[in-house]
1. I'd like the mean, over residues of A:65-76, of how many other protein chain beta carbons sit within 10 Å of each residue's own Cβ.
2. Taking all protein chains in place and a 1.4 Å probe, what share, in percent, of the accessible surface of chain B do carbon and sulfur account for?
3. Considering the dipole of the protein assembly as shown built from charges on the beta carbon (Lys and Arg +1, Asp and Glu -1) around the Cα centre, which of A:L129, A:L53, B:C143 is farthest to its positive end?
4. Explain nothing, just the number: relative contact order of chain B, from Cα pairs under 8 Å at least 6 residues apart, as a whole percent.
5. What are the residues of region B:154-200 that lose 40 Å² or more of accessible area, with a 1.4 Å probe, going from their chain alone to all protein chains?
6. Quick check: the angle from helix B:71-94's long axis to the longest principal axis of chain B, C-alpha only, nearest 10 degrees?
7. For peptide A:46-52, compute the average count of partner chain beta-carbon atoms within 10 Å of each residue's beta-carbon.
8. If you line up the long axis of helix B:34-57 against the longest principal axis of chain B, both from Cα atoms, how many degrees apart are they, to the nearest 10?
Amino acid sequence: MDVSAPNPPLDALMIAAQAGDEAAYRALLKALAATLRSYFARRLGQDASVEDLVQDTLIAIHERRATYDPQRPFAAWFFAIARYKLIDHLRATRRSATSPVEEIEDLAGPDEETPASARLDLERLLDGLPQRSRDIVRTVKIEGQSVAEVSLRSGLSPIAIRVLLHRAVKAMSVKAGNSRS
Amino acid sequence: MRDGVRFAGGQQGISTDTLIDALAGDLSATPVRSVRRTLALAFACGSAVSAAAMLALLGLRPDMASALATASFWIKLIFPFGLAVAGLMAVDRLGRPGAAAGRGYVVGIAVAGTMALLASIQLATAPRDAMRPLLLGHTLDHCTALIMLLALPILAAGMYAMRQMAPTRLRLAGAAVGVTAGALSAAIYAIACDETALPFVTLWYGAGIALTGVLGALLGPRLLRW
């Protein structure tokens, strides 16, 4: 997708989103996700981390949306964020020999390690997280409760939980990658 | 809804469509001015702490009343203040992805150039044996260090504000925060300092501001990642 294409003009969608228009924002994020997917895939190949990077970038865009100045071109803002996230990702993966996403899957995969040692590794990785994130990872990812359940019980919004989850898994992947390289 | 979140699954985490729904549901109107308000507030708070520290540690210059009538007092104030304005312009731009510091550089170079010109004129028109005191003053042993020390609260507040933004060139963004903090600190220090020579101010205030900028550049990549 060409971001500078006038139909729909992404600048206008973003400005509407900044004003609180949810439908415009949803359309914008959908278009951006597709653009990001091809942007990252072109540079990383068919790497498992592409979708992770897409999500990470969408969350960054969401959290930092106030830094878009409506008087400037949206594409420049958007691609600067995409590029920043790509470089950040490359820097992090160059430190560890293998992709962190694969590491975390190895770690939890039943045929790679005995369940006991996998659980030990898991506890070690969980220990590095803040209390709240640790609880969320436990309940959602290990005990298998839904985000909605956790949201009801903790009083946090579903989005807050998803963002915390996403970050926690990323932090754990980085830690897993670093300790093995 | 389970969202397919399983720790050991082939697919890691939640699906992008689910994430988009969640993000869209979380949308609230975003005042575009909020970024500048945060910046202004942070630098104002940092400066207030620094000014309080200056009053507590150093006090006003002893000849404050008579100094108000001298040009050097106001130049000493306007020079760092001009650099602070340039720094703030750069901070506002460098905190936004895809924007260059642009006019901040121009204003900064203009202010520093004007100050260097004024200092050179004073130096060139002075008698030969007055040159040394014009350059070295009598507070050389602590001037630059105190400016850097008083800049620390402002640097901390500025870094905090920059962390709310989205800098993509962390070293440059850190340097801009550092120069702004150093310049505001120098303006505050000027009220406590009774040096009058412009060459002294240009060199040693300039050094304090520049070194705080270097400190910011060193801290940037560490503190500003997001």
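1. 5
2. Result for chain B: 69 percent of the exposed heavy-atom area is carbon or sulfur.
3. Sorting the options by dipole projection puts first B:C143.
4. The value is 28 percent.
5. Flagged in region B:154-200: B:T168.
6. That works out to roughly 20 degrees.
7. Taking all residues of A:46-52 together, the mean is 2.
8. Taking the Cα atoms of chain B, the angle to B:34-57 is about 40 degrees.
The values are calculated or read from the model by the stated rules, or taken from the named source; none is laboratory data. Just so it is clear, the model here is predicted, and its values are computed rather than measured. So basically every Cβ, Gly included, is an ideal-geometry build from the backbone, and we count neighbours across all protein chains shown. Surface areas here come from the heavy atoms of the whole protein model, side chains and all, with no ligands, DNA or RNA. Shrake-Rupley method; radii C 1.70, N 1.55, O 1.52, S 1.80 Å.
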